[in-house]
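Below: the structure, in structure tokens.
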Amino acid sequence: MPYPDPWPAGQRGAVSLTFDDGTPDQLRDGVPRLDARGLQGTFYLPTGGDWQQRLAPWATALATGHELGNHSVGHTCSENFANDPQPRGLESLTLADLEADLLECERRLTALFGPLPAHSFAYPCYQTDVGRGAGRQSYVPLVARHFVAGRGGGEAGFHNHPYHVDLHCVAGLTCQQLSGAEMIGLCERAARQGRWAVLVFHGLQVGRLGTALNEFEELLDYLADQRARLWCAPLATVAGHLREQRAAVGLT
């Protein structure tokens, strides 16, 4: 027996716009453009360094319905990425180390914004394991313990199946250096497949991890025009909806 159509109001698929690292241009240039079109995104905020001063302005995004998510304190990635001759990355951490980091990030977010609505976590550098070799362990179960959803990395050509995706390791597709037409194509694929496209942004500017602002605006105009076909909502919102749809057919 096929699963019922999972999307609300006859829509054909879903799109979540997710943003890593809480960069100033996301708040300055991204949030107002989303607000102007009645769209909400998910912004993952690391709470290292001068976190209080740096993150306090994000209260304005929370007030207009955007999701503020956990991106850890240390934004720890693989030691293989580091130039330090003695790095301390994911290979050198335990699950207990990482859990303490994520919970401290939660404490800091709550200190700034008060208790947040249900929100998700984004794996720094899309990496989901600690340790190395035979001792390597996934920390997806840890994220499942503390968050309604988690976002990792994905593979071009595939979007998240509403009834099969692991909601604590949702696949995200990076939009760095993509044109508006290319990003629209990713969304159209989601509509055709009946799936959930999770797009990942860093800076809204030209650069290695950047997406040019004019290309981003082209995507937003498309999503605003296509809202009857594509449900654009924060990652935690879509994950919560899918959890209810899956429970109705006996899936977890």
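What to note about this one:
- Matching residues, region 117-136, being in a loop (DSSP other than H, G, I, E, B) and touching a strand residue (DSSP E or B) at 6+ places or on another chain (Cβ under 6 Å): H119, S120, T128, G131, R136
For (1) more than 22 Å from L27 (Cα to Cα); (2) in a helix (DSSP H, G or I); (3) among the charged types (D, E, K, R); (4) free of Cβ contacts under 8 Å to residues at least 12 places away in the same chain, each residue gets a yes or a no:
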| site | (1), (2), (3), (4) |
| --- | --- |
| L178 | no, no, no, no |
| M183 | no, yes, no, no |
| A191 | yes, yes, no, no |
| A197 | yes, no, no, no |
| V200 | no, no, no, no |
| G203 | no, no, no, no |
| T211 | no, no, no, no |
| E218 | no, yes, yes, no |
| A224 | no, yes, no, no |
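- Failed item, numbered, when L251 is tested on (1) more than 24 Å from A118 (Cβ to Cβ); (2) assigned to a loop (DSSP other than H, G, I, E, B): (1)
- Among the residues making up region 82-96, those that are over 15 Å from R145 (Cα atoms) and surrounded by 12 or more Cβ atoms within 10 Å (Cβ to Cβ) are A82, P87, R88, G89, L90, E91, S92, L93, T94.
- Some residue of region 119-135 being aliphatic (A, V, I, L, M) and free of Cβ contacts under 8 Å to residues at least 40 places away in the same chain: yes
- Counting only helices (runs of 4 or more DSSP H) that sit wholly inside region 1-102, those with at least 1 residues that are within 19 Å of C175 (Cα to Cα) are 31-36.
- Filter result for S78 (among the polar types (S, T, N, Q), within 16 Å of A236 (Cβ to Cβ) and touching a residue at least 40 places away in the same chain (Cβ under 8 Å)): no
- Of all residue pairs spaced 6 or more apart or on separate chains, those with beta-carbon atoms under 7 Å, a first member in region 7-35 that is surrounded by fewer than 21 Cβ atoms within 10 Å (Cβ to Cβ) and a second member that is polar (S, T, N, Q) are D25/Q205; D35/T64.
- Lone qualifier among G180, G194 - being closer than 18 Å to G41 by Cα and surrounded by fewer than 20 Cβ atoms within 10 Å (Cβ to Cβ): G180
Rule-based calculations on the coordinates, nothing more; no lab input. Because the structure is a prediction, the values reported are computed rather than measured. Neighbour counts run over all protein chains shown; Cβ positions are idealised from the backbone, glycine included.
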